[in-house]
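What follows is one structure encoded as structure tokens, with my remarks underneath.
Quick note: the coordinates plus some simple rules give every number you see, no bench work behind them. As the structure is a prediction and not an experimental result, all values here were calculated from the model. When we count neighbours, we look across all protein chains shown, and the Cβ atoms used for this are built from the backbone with ideal geometry, even at glycine.
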Amino acid sequence: MRKYLFMASMVASITFASAASATTLDDVKKKGFVQCGVSQGLKGFSSPDDKGGWTGIDVDLCRAIAAAIFGDAEKVKYTPLSAKERFTALQSGEIDVLSRNTTWALSRDTALGFDFRGVTYYDGQGFMVRKSSGVKSVRDLDGATVCVLMGTSTALTLADYFRSNNMKYEPITFEKDDEVVAAYESGRCDAYTTDSSGLYANRLTLKDQQEHLVLPEIISKEPLGAVVRHGDNQWGDIVSWALYAMLNAEELGVNSKNAEGMRESDNPEIRRLLGTEGKFGEGLGLPDDWAYNIIVKVGNYAEIFDRNVGKGSPLGIPRGLNALWTQGGIQYAPPIR
Amino acid sequence: MQKKAFWNDPRYRAWFFQVLAVLLAGGFFASIAANTVANLNQLNVASGFGFLQHTAGFGISQTLIEYSEASTYGRAFLVALLNTLLVAGIGIVCATVLGFLVGIARLSSNWLVAKLATVYIETFRNIPLLLQILFWYTAVLSNLPAPRDSMQFGGMLLNKRGLYAPAPVGEPGFEYVMLAFAVALLGIIILRRLSERKRMNTGAGLPVLFPGLGLVFGVPLLVFWLAGSPLHFEVPELRGFNFVGGLRAVPELLALVFALSIYTASFIAEIVRSGIQAVNWGQSEAALALGLRRPEVLRLVVVPQALRVIIPPLTSQFLNLTKNSSLAAALAYPELASVFAGTVLNQTGQAVEVLAITMAVYLSLSLLTSMAMNFYNSRIALVER
């Protein structure tokens, strides 16, 4: 019932809200924090820790936005959302930005009234099965029961894949990540599918991790990124450039430890990034040291990747596609100039 | 006589305020609608009901009608609606039967039976329904064996993936058996009419029970044998991961039906008990004094009067059960709240339209149930002469 009240209240806020409103940046500055929509707990992306705070790569993007605006990465409030609730929450203005491992897709960019602002993490859909089932490839899954999260692009890709390969399957859909994992673990399903980062993250929560196998195939492109409402371009620019600042910082070798000293570097690109040269904050409606604040308070892209999902985390996911373009990956940020 | 000013005339005044109230209410809703449309346009959110014709693209685990990933959202809506109706229909029948049994048991003169019924009622009506649903789903049904080591009883199979039964498949000639069955039913109705007429005339009716049973079983069986047994059973077979063929109830449906019927039956039991106790004991005494036997007292005197008390609150329980079926969103049962107000809402992002349709459906279902029950209630109501 709580769910319905929540949805109903969000619908009501679309229904009753006055049509005219100030820009998101003004709203955020006035209330003094960024309201950020995150998942209800996905290790590495956004999950609550034992001290009541939030960690993860999606969370760090929210913190970067707050650091750019306020010079303080902690001025963020988090709204945990299910996959089903997330879009209504953004449409209704409950949250300022949705940073919740959400796949960039055309209909979401258009009909839903959103703008995707960069790709925080390049992902792809994979499958996990029990080793005892003897399944070695997705092609062996004909006739299988598959557990999947309700209302995700994953569920659609699953349908497409089985349909185009003339395979039968039975989808079992739940609203929450932990319900999906529990159903898979109880044996209700033969396979569990989600973005492959999610498979690795959720395998950590299973009782006998060695019993489960992530299949080698990746069956889709899942560019995960932050989402804002369509039409407020200034706010969208801030979200994009918070990510680009972290990527550029990694490319230029600037990190949270050396940023202070790098401010007086001879390299004009670094000087522009850190706000010692030029007035690049102005166009965004931010102070000129916006990117400096992000790097000092949150870190560069390599730092947030490693501590949340990479080699410094229990997930231990290799950089892969998410390496910089200079290092064999496809992460590429436009220059600051 | 002095003519009153028209604003002091109660006739005009009453009309004036009624019209004013209607205008204000109408204006209020119109402004909300206009405001919603303006907001949606400003947010660049698509609106309107055109999305129902778009391809859905997702799969549904239980479909009573033809459905594939290439079907439309409108089709997905129908599938979900039928799944809701299925669980509500089965739930209402089970809850009513169980509720009547427990309600009568609670009034039993047998101490043990009465106490057991009391314990049942007090346990199940005092535990939140969602917990009961989750209990049946996670604690009971998901601990069943895997498909490979299914439990077997009779031709039925029970495992984590559901309850499987052989499906009867009619061969050519089976339609005669169905026809014979229909004829037998018609025969029973005629027999009852004749018996009633004879009883009115002579005071003693015809025997109905045994000839009736003979008709309803004997005639179709005879035709079945004459037509050369035109029926075989399709037995579910383990193929790959799951059993294929036969009839199947998914565990989500089972959990939901168990929880909804057991929970609602505890309320119905109390309604039945109160209905029976509302019939004055003098009625039974009078009937006994007239020489009716115990079962006849119950059937002819107590139950018809008790039903008048039972039906209105029973209707509310049926409505509750239908609406409570939306708690299935907590399991993976693909009914209206989970498929339409869940997946479809999420994919189209058209929360206002989807929720409006969903609410309208639950409202219409409830109104239809009330209408049917009110009709029945008026049939059995006390006829004053």
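Tabulated data
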read-out: For segment A:33-187: relative contact order, % (alpha-carbon pairs under 8 angstrom, 6 or more apart); value: 22
read-out: Separation of alpha-carbon centers, segment A:233-288 and segment A:121-189, rounded to whole Å; value: 41
read-out: Cα centroid separation - segment B:24-85 against segment B:137-212, whole Å; value: 39
read-out: Average partner coverage of A:104-117, which counts Cβ from other chains inside 10 Å; value: 3
read-out: Total formal charge among the other residues, if their Cβ is under 15 angstrom from that of A:PHE33, Lys/Arg +1 and Asp/Glu -1; value: +1
read-out: Kyte-Doolittle at least 1.6, axis length at least 18 Å by Cα - qualifying DSSP helices, chain B; value: B:73-106
read-out: Candidates per GluC sites (Glu not before Pro) in segment A:207-266, loop by DSSP, up to 16 other Cβ within 10 Å; value: A:GLU217, A:GLU264
read-out: Relative intensity, log₁₀ I(q)/I(0), of segment A:125-220 from a Debye sum that treats every alpha carbon as a point, q = 0.22 Å⁻¹; value: -1.15
read-out: Relative contact order for chain B, counting Cα pairs under 8 Å that sit 6 or more residues apart, in percent; value: 21
read-out: Neighbour cut-off at most 12 other Cβ (10 Å), DSSP loop, GluC sites (Glu not before Pro), segment B:45-129; value: B:GLU66
read-out: Distance between modelled label sites at B:SER274 and A:LEU206, nm, 7 Å Cα→Cβ extension; value: 5.2
read-out: Reach of A:LYS297 by Cα under 23 Å, taken over lysines that are not fewer than 8 positions away in the same chain; value: A:LYS29, A:LYS30, A:LYS31, A:LYS43, A:LYS51, A:LYS75, A:LYS77, A:LYS257, A:LYS279, A:LYS311
read-out: Average partner coverage of A:78-89, which counts Cβ from other chains inside 10 Å; value: 3
read-out: Hull volume in cubic angstrom per residue (convex hull over the Cα atoms of segment A:212-268); value: 188
read-out: Charge tally in the Cβ shell below 13 Å around B:ALA278, where Lys, Arg are +1 and Asp, Glu are -1, B:ALA278 excluded; value: +1
read-out: Long-range HN-HN contacts of A:TYR169 with modeled amide H, under 5 Å; value: A:GLY143
read-out: P(r) histogram, all alpha-carbon pairs of chain B included - 10 Å bins from 0, percent; value: 4, 14, 20, 24, 19, 11, 6, 2, 1, 0
read-out: Computed [θ] at 222 nm, helices only, for chain B once each DSSP H run of length n ≥ 4 contributes -39500 (n - 2.57); value: -19500 deg cm²/dmol
read-out: Low-density loop cleavage sites - trypsin sites (Lys or Arg not before Pro) in segment B:1-80, where at most 16 other Cβ are within 10 Å (DSSP); value: B:LYS3, B:LYS4
read-out: Charge context of B:GLY103, other residues only, Cβ under 10 angstrom, K/R +1, D/E -1; value: +1
read-out: When segment B:120-224 is reduced to its Cα atoms, the Kirkwood hydrodynamic radius in Å; value: 18.7
read-out: Test item: Cα-centred dipole of segment A:125-220, Lys/Arg +1 and Asp/Glu -1 on Cβ, debye; value: 240
read-out: Estimated 222 nm signal from helices in chain A, with DSSP H stretches of n ≥ 4 weighted -39500 (n - 2.57), rounded to 500; value: -10500 deg cm²/dmol
read-out: Radius ratio Rg over Rh of the protein assembly as shown, counting only Cα atoms, Kirkwood formula for Rh; value: 1.08
read-out: Mean separation of Cα contacts under 8 Å, 6 or more apart, over the residue count of chain A: relative contact order %; value: 21
read-out: For A:ASP123, residues with placed amide H under 5 Å, excluding near neighbours; value: A:GLU222, A:LEU224
read-out: Estimated dipole of the protein assembly as shown in Debye, rounded to 20 [Cβ of Lys and Arg +1, of Asp and Glu -1, Cα centre]; value: 3160
